[in-house]
1. Check Ser174 against each of (1) open to solvent by 40 Å² or more (accessible area, probe 1.4 Å); (2) in contact with a helix residue (DSSP H, G or I) (Cβ under 8 Å, 6 or more places away or on another chain); (3) among the hydroxyl-bearing types (Ser, Thr, Tyr) and name the one condition it does not meet.
2. Is it the case, given these coordinates, that Ser292 is of a type in the set (S, T, N, Q) and under 27 Å from Ile134 (Cβ atoms)?
3. Please determine, by comparing only the residues of the range 71-117 that are among the small types (Gly, Ala, Ser) and part of a helix (DSSP H, G or I), which one is farthest from Ala254 (Cα to Cα).
4. Name the helices (runs of 4 or more DSSP H) wholly within the range 201-278 that hold at least 3 residues that are within 16 Å of Arg306 (Cβ to Cβ) and not β-branched (Val, Ile, Thr)?
5. Among the residues of the range 1-50, what is the count of those that are within 19 Å of the chain's Cα centre (by Cα), open to solvent by 50 Å² or more (accessible area, probe 1.4 Å) and not basic (Lys, Arg)?
6. Please give the strands (runs of 3 or more DSSP E) falling wholly within the range 1-70 in which 1 or more residues are among the polar types (S, T, N, Q) and touching a residue at least 40 places away in the same chain (Cβ under 8 Å).
7. Output the qualifying pairs, or none if there are none: Cβ atoms under 8 angstrom, residues six or more apart or on different chains, first residue in the range 247-271 and charged (D, E, K, R), second residue modelled with pLDDT of 95 or more and surrounded by 11 or more Cβ atoms within 10 Å (Cβ to Cβ).
8. Against the definition (in contact with a Leu (Cβ under 9 Å, 6 or more places away or on another chain), in a helix (DSSP H, G or I) and of a type in the set (S, T, N, Q)), how does Asn192 come out, yes or no?
Amino acid sequence: MTRVAVVTGGSAGLGRATVRELAARGWDVAVIARGQEGADAAAAEVEAAGRRGLAVAADVSDRQAVEDAADRIEAELGPIDLWVNGVMVGVFGRFLDTEPEDFERALRVTYLGFVNGTRAALSRMVPRDRGQVIQVGSALGFRGIPLQAAYCGAKHAIVGFTESVVSELIEQGSSVQVSRVDMPALNTIQFNWVKSQLPHHPQPVAPIYQPEVGARAIAATAERPRRRTWVGESTVYTILGNRISGRFADWYAAKTLVSGQQTASKDGQMLPSNLDEPVEGDHGAHGVFDDSAHAWSPQTWWVEHRRLGNGLIGAALGVAGAAVLAAGRRR
């Protein structure tokens, strides 16, 4: 059976890892990105995995460009079954020190890029009454941190936007699924080409996971749709902790996350900023934090093997219940 997926921002970082993971699981994959070289390389990896790949250069902040890309994908690969919105750009620095044009550019790509992708996908899927959109969210869509106001604001907006769309589809009785997969800090190229005002190299907030951890969660959600998925223990702690005590989270972020988002050990490894223009070349999935990034966690294993995990819990509860009954009888 042919399954066609689209991954925006699929030329690098988490998007690139997602393209590889979907191709390995039998999906044909179209890659939408601004950089033609990276998109071509990602599509070539899809073809090397024995599936059909297609590279489409487009800026997702341009609604018509996204619609044109979707038309081309359906003409060349067939009806789109899965659309993964994963593209982002960012600026690192305090809000008042950030140029308004840079801030607004980050919002247009990171938020409106999701809106444009969702519109393009749903306008094709809803009439067919099948398909799925996956929004790549973040723990920072629930807890804002210093130095990333544009990114946090965009990710918060994606949560509200997605909830509105989901409720509309339910009201219409549509079979189309919209899922959100919220990520932890990942070792991606994002931190090499983000536009930064920091004195040292930007870094993710520890713990850091490899992008393949997020890609596996996205692929698992594509194959077994569910509306919300949290990836990584840190995402769970961040979201729940902010719900329990937002005031403490404010204090903790203020005290630890300015210095915690930069490191002198990686100085000199920055690439040109990709905020306004793509960076030439093929940059792959990983950033410069391989030495400290985790490739696995118990929580992400659960995301990927939910049925097995629930079965193990059921078995454990059954054994415990049987032991309690046996002890009661002996009395």
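1. (1)
2. For Ser292, the condition - of a type in the set (S, T, N, Q) and under 27 Å from Ile134 (Cβ atoms) - is not met.
3. If we filter the range 71-117 for residues that are among the small types (Gly, Ala, Ser), which is where we start, we get 75, 78, 86, 90, 93, 106, 113, 117.
After this cut, where a residue has to be part of a helix (DSSP H, G or I) as well, the list is 75, 106, 113, 117.
Working: Ala75: 50, Ala106: 23, Gly113: 29, Gly117: 34 Å.
Once the filter is applied, the top-ranked residue is Ala75.
4. Filter on the range 201-278 gives 211-223.
5. Total meeting the criteria: 1.
6. Fully inside the range 1-70 and qualifying: 4-8.
7. Here the result reads Lys266/His200; Lys266/His201; Lys266/Gln203; Lys266/Val288; Lys266/Phe289; Asp267/His200; Asp267/His201, each pair linking the range 247-271 to a residue that is modelled with pLDDT of 95 or more and surrounded by 11 or more Cβ atoms within 10 Å (Cβ to Cβ).
8. yes
The values are calculated or read from the model by the stated rules, or taken from the named source; none is laboratory data. Given the structure is predicted, the values throughout are model-derived calculations rather than measurements. Cβ coordinates were reconstructed from backbone atoms using ideal geometry, including for glycine residues, and neighbour counts include every protein chain displayed. What goes into the accessible areas is simple: the full protein's heavy atoms, side chains included, and nothing from ligands, DNA or RNA. Shrake-Rupley method; radii C 1.70, N 1.55, O 1.52, S 1.80 Å.
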